[in-house]
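Working notes, structure below.
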Amino acid sequence: MAPHSHDHSHLTETEARVRALESLLSEKGYIDSAAVDEIVQTYETKIGPQNGAHVVAKSWVDADFRKWLEEDSTAAIHSLGYTSRQGEHIDAVFNSDDTHHLVVCTLCSCYPWSVLGLPPTWYKSPPFRSRAVIDPRGVLNDFGITLPETTKVEVHDSTSEVRYLVIPQRPAGTEGWSEKQLAKLVTRNSMIGTGFARTAEALS
Amino acid sequence: MTDLDLIALPGITLADDEPVFTAPWEAQAFAMAVNLHQNGAFSWQEWAEALSHEIHSGEERDYYQHWLHALERIVTAKSLSSEADLAQRKADWHAAAAATPHGDPILLSAAKP
């Protein structure tokens, strides 16, 4: 079946120019894609995963905020100052003992970058995308995550309209911790679903 | 990485000494210039001058649009690539996107018949 026009992907003129430079320069060896990724991560302190960590930590300590996040994630997240020019909808999904959420989408534009920054290379890789859907538990194992058989894995495929933010479970032994302390336990992977939040011991 | 003299760049917006990006492509364009410089393609001073040239070109653009123009210009001036190759590759990426169902990774190979 031929794809309908609204079904296929789209790059803005600017994105296409950046990709043209990136692909030509790396083919010729003038830049190294891994090094470029690393530079991005080093400098990307303003739109990095710490924004998402703030959202998560607040949801752990503030029941009203958590409720708002459940009902209208986009508005709750925007209230903390994290907005994107593209105006996409963000859906927060909450991990529990019963359900573990995992997010995929290999389009950069389908990553909740206002809260997580730029996607890591593995997130964009074809193997991750295809395997996350077919064999999510296998993918989680690769990331060192083993879930009890009784925990259901729910895979969310991002679109240009909806991006997902996983709210990991609050680690045990963090009662009475401040929002700031808790935010340090929230890793990028835990907000994609390929990890858990760090343990309380990790900070002490 | 912190040894880069960001202050030498005309017009850059910094917060806590770090550049402020408002879209992923901006960070990507930023990082490519840094990596080209690290790999010896041009000096940081040359880069600051190329960027300054764009900013003072009289064109009304966002800061990282200036950055991207400067990057394309210095890449062709240093013969790392040609304007024709860049234009062709850009068209290939558009074609690849059009041939890719939404949600699939856009791969350059999708543009090839």
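The values are calculated or read from the model by the stated rules, or taken from the named source; none is laboratory data. Predicted model only: the values in this text are computed from it and were never measured. Neighbour counts are summed over all protein chains in view; Cβ atoms, including those assigned to glycine, are modelled from backbone coordinates with ideal geometry.
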- Note on the structure: Log entry, pairs with first residue in segment B:36-53 being farther than 8 Å from residue B:70 by Cβ, second being among the acidic types (Asp, Glu), beta carbons closer than 8 Å, six or more apart or on different chains, reads B:39/A:32; B:44/B:5
- Message: Show me the strands (runs of 3 or more DSSP E) entirely contained within segment A:97-173 in which 1 or more residues are over 15 Å from the mean Cα position of the chain (by Cα).
- Response: A:99-104, A:152-157
- Would you point out the residue of segment B:90-113, among those that are surrounded by fewer than 17 Cβ atoms within 10 Å (Cβ to Cβ) and either of a type in the set (D, E, K, R) or outside any loop (DSSP other than H, G, I, E, B) (or both), that is nearest to the chain's Cα centre (by Cα)? B:91
- Message: I'd like to verify a number: residues in segment A:108-165 that are touching a Ser or Thr at 6+ places or on another chain (Cβ under 8 Å) and among the acidic types (Asp, Glu), how many?
- Response: 1
- Task: May I ask you to verify whether residue B:87 is part of a helix (DSSP H, G or I) and either over 21 Å from residue A:29 (Cα atoms) or within 10 Å of chain A (Cβ to nearest Cβ) (or both)?
- Result: yes
- Query: Right, residue A:146: away from every other protein chain (no Cβ under 13 Å), touching an Asp or Glu at 6+ places or on another chain (Cβ under 9 Å) and at pLDDT 85 or above or not?
  - Reply: no
- Task: Among the residues of segment A:132-160, count how many are exposed (fewer than 12 other Cβ atoms within 10 Å of the Cβ) and under 25 Å from residue B:101 (Cα atoms).
- Result: 1
- Evaluate segment A:64-80: report whether one residue or more is within 12 Å of chain B (Cβ to nearest Cβ), in contact with a helix residue (DSSP H, G or I) (Cβ under 7 Å, 6 or more places away or on another chain), under 22 Å from residue B:23 (Cβ atoms) and part of a loop (DSSP other than H, G, I, E, B). no
- Task: Can you confirm whether segment B:80-95 contains a residue that is among the aromatic types (Phe, Trp, Tyr) and assigned by TED's automatic domain parsing to the domain that holds residue B:9?
- Result: no
- Is it the case that residue A:165 is crowded, with 18+ Cβ neighbours inside 10 Å, of a type in the set (A, V, I, L, M) and away from chain B (no Cβ under 12 Å)? yes
